[in-house]
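The values are calculated or read from the model by the stated rules, or taken from the named source; none is laboratory data. Here the structure is a predicted model, which means the values were calculated and not measured. Here the Cβ is made from the backbone with ideal geometry for all residues, glycine too, and neighbour counts use every protein chain on show. Note: accessible area is taken over every heavy atom of the protein model, side chains too, but ligands, DNA and RNA are not part of it. Shrake-Rupley method; radii C 1.70, N 1.55, O 1.52, S 1.80 Å.
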Amino acid sequence: MGTSIKLRPHHILCLHGFKGLGYSEDFIKQMQEISDKIKRERHVKISFIFDLDILCHSCTEDNRKACLQQNSLSRLIDKRLKKKLKGLLRRETSLTFFLEKLYKTISARKMDYICRGCEWKKFGYCREGYLKKRLMLEKEIT
Ligand code: SF4
């Protein structure tokens, strides 16, 4: 997989709530690989695409077709995150730098807005995982 990861913007949020659940075996395997890599390596570079990423390509065909629709929920969630993060999604950065900016910019309330409509939101895993990481970083830098 190399030392850089290219993801759809909202997947960087989804990874915070990953508990081994997903749309297909392949999707779960890919999420696990990326999640392990992010935990294992600190010098990962990250960049973003507004199209199908490695996770999408391991998802079900039906989901891929649905997500490619111009008005799909996943595109809308990507747009919401882009609007909040302004230019941060435009260039490849170190994952550490990106996460610091993400945690400073996206509060729990903003995440609730960004994720509105997602079927996984009701479980609260992503929000819980995100706030935990955000708090850990706050403690590290204060
Ligand atoms: S609620 Fe949905 S869109 Fe938001 S982080 Fe979780 S899985 Fe991703």
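Residue-by-condition table, conditions (1) touching a Gly at 6+ places or on another chain (Cβ under 7 Å); (2) open to solvent by 40 Å² or more (accessible area, probe 1.4 Å); (3) modelled with pLDDT of 90 or more; (4) more than 13 Å from the ligand (Cβ to nearest atom):
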| residue | (1), (2), (3), (4) |
| --- | --- |
| Lys29 | no, yes, yes, yes |
| Lys39 | no, yes, no, yes |
| Cys59 | no, no, yes, no |
| Thr93 | no, no, yes, yes |
| Gly117 | no, yes, yes, no |
| Gly129 | yes, no, yes, no |
| Leu135 | no, yes, no, yes |
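Cβ-Cβ distances below 6 Å connect the following pairs, each with a first residue in region 109-134 that is in a helix (DSSP H, G or I), a second residue that is more than 9 Å from the ligand (Cβ to nearest atom) and of a type in the set (Phe, Trp, Tyr), and a separation of six or more residues or different chains: Arg134/Tyr103.
Take the conditions of a type in the set (D, E, K, R) and open to solvent by 90 Å² or more (accessible area, probe 1.4 Å) and apply them to Arg80. Does it pass?
So Arg80 does not fit the description; no.
Lys39 falls short on exactly one of the conditions (1) under 15 Å from the mean Cα position of the chain (by Cα); (2) in a loop (DSSP other than H, G, I, E, B), and that condition is (2). Ser47 satisfies every condition listed in (1) part of a loop (DSSP other than H, G, I, E, B); (2) on the phi < 0 side of the Ramachandran plot; (3) touching a residue at least 12 places away in the same chain (Cβ under 8 Å) except (1). If the condition is being more than 15 Å from Leu81 (Cβ to Cβ) and either of a type in the set (A, V, I, L, M, F, W, C) or touching a Cys at 6+ places or on another chain (Cβ under 9 Å) (or both), then region 37-54 contributes Ile38, Val44, Leu52, Ile54.
Suppose the filter is of a type in the set (Ser, Thr, Tyr) and over 24 Å from Met136 (Cβ atoms); does Ser72 pass it? Against the criterion (of a type in the set (Ser, Thr, Tyr) and over 24 Å from Met136 (Cβ atoms)), Ser72 qualifies.
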